[in-house]
Structure formats: C-alpha cells, structure tokens
Amino acid sequence: MPNRLVLLEEDQIYHIYNRGVNKGKIFFSENGYDFFVYKMAFHFRETSSVIAYCLMPNHFHILVQVKKSEFVRKSLQPFLIAYTLSVNKDQGRIGPLFQGRYQANLINDDAYLLDCVKYIHLNPVKGGLVKTPKAWKYSSYHEFISPNHRSFIDTSFIMRFFENLSEFIRFSESEIEEDNAARFFDYE
C-alpha cells in the first residue's frame with residue numbers, strides 16, 4: 001500500500017473516519033460496539049487523546065489529538081487490524097472490513113473543532129437512528145453529559161469552551177432539525 005499523503009502530526013487534532021466495504025456493516029452486535037470502544041481505549045492511551053467518537057452500524061468517527069508521532073504505527077493501525085480480525089472471526093468472514101484507508105481531516109481551528117464534535121454526536125440523529133444524541137448508546141456524548149462518569153474521553157478539551165453543561169447541551173443539540181453539515185461529508 002502506498003504511503004498516506006497526509007501524515008498525522010504530533011500535537012494536531014484529526015477527525016478520523018471510515019466505513020465498511022461496499023457500505024456494509026462494521027458492527028454486528030452490541031459486543032462489537034463494546035469491543036471497538038475497549039480496543040480504542042487500549043490502543044490509543046499512550047499515543048493520543050480521544051476527544052469524541054461515534055460508532056454507526058456501517059461507519060465510525062473518532063476525533064483525536066495525536067500526542068506521539070508513532071500514533072498511526074503503534075496505535076491506529078494495530079487497533080483497526082485487531083477489530084477487523086475480531087469481526088472476521090466472529091462473523092466467519094475473511095478479507096477487509098473497511099473500505100480502503102481511513103480518512104483523516106486536520107482540525108485547524110476552534111470553530112471547526114466545535115463543529116466537528118457537534119457533527120460527530122449528531123450523526124445518529126441525522127442518520128435517523130434516534131431523536132436525540134443522548135438516545136444513542138455508542139458515542140462519547142454520554143461522557144460529556146455525565147461529568148462524574150469515568151472515561152478515557154478527554155471531555156475537558158471541549159468543555160473549556162462552555163460556561164457549563166447546559167450550554168454544551170444547547171450547543172450540541174442546536175441543529176437537530178437542521179441539516180448544517182457544510183464542512184463534513186458523511187457515509188450512508
């Protein structure tokens with residue numbers, strides 16, 4: 001495989017996402033979602049800080065701040081391989097699970113960062129799976145709205161932009177009825 005054109009650099013924030021081959025499912029059970037989150041926490045803990053995530057039936061979104069230059073080699077690649085191998089074993093399948101390489105967009109300003117967090121958390125709402133982001137179990141939204149919950153998600157990175165939790169919730173849910181994803185392209 002050729003080298004990635006955009007390298008993931010230390011101290012930068014990236015929106016990482018990918019979907020299943022042929023737009024197919026990548027999660028086949030609740031255990032699959034739980035295993036993905038468990039492996040993400042395990043693999044990312046030493047090389048990055050996870051800011052937000054959302055897992056959809058056929059794709060995922062992860063917002064991450066890269067802490068060490070070997071993030072891709074020591075964390076992201078082993079994580080995606082481990083998850084693929086697990087799904088293949090569990091589902092009796094072979095071959096790739098994901099459609100090509102993961103995508104990674106550099107988040108280069110605070111407005112884009114906040115838009116990205118909102119976009120990630122509203123993904124299941126916009127996808128018609130739930131009415132509110134709180135109703136979707138497989139995202140980091142719960143870690144944000146339950147500050148006493150212990151998690152590997154670095155909620156403080158985003159919460160510093162808000163006076164309080166109510167302001168964050170208002171911001172996060174302000175576009176539920178709108179389709180305002182100008183900066184983002186999503187998978188079906």
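The values are calculated or read from the model by the stated rules, or taken from the named source; none is laboratory data. Computed from a prediction, not measured in an experiment: that's the story for all the values here. Don't worry about glycine lacking a Cβ; one is built from the backbone with ideal geometry, like all the others, and counts go over all protein chains shown. The protein model used for the area step is the full one, side chains on, heavy atoms only, and it has no ligands, DNA or RNA in it. Shrake-Rupley method; radii C 1.70, N 1.55, O 1.52, S 1.80 Å.
Quick notes on this one:
- Pick from region 143-163, criterion open to solvent by less than 60 Å² (accessible area, probe 1.4 Å) and not hydrophobic (A, V, I, L, M, F, W, C), ranking: nearest to H121 (Cα to Cα): E143
- For region 24-59, the candidate set comprises residues that are touching a residue at least 40 places away in the same chain (Cβ under 8 Å) and β-branched (V, I, T); within that set, the residue that is farthest from L113 (Cα to Cα) is I26.
- The listed residue being part of a strand (DSSP E or B) and either more than 23 Å from S156 (Cα to Cα) or open to solvent by 30 Å² or more (accessible area, probe 1.4 Å) (or both), out of N31, N18, N22: N18
- Lone unmet requirement of (1) open to solvent by 40 Å² or more (accessible area, probe 1.4 Å); (2) touching a helix residue (DSSP H, G or I) at 6+ places or on another chain (Cβ under 6 Å) for R101: (2)
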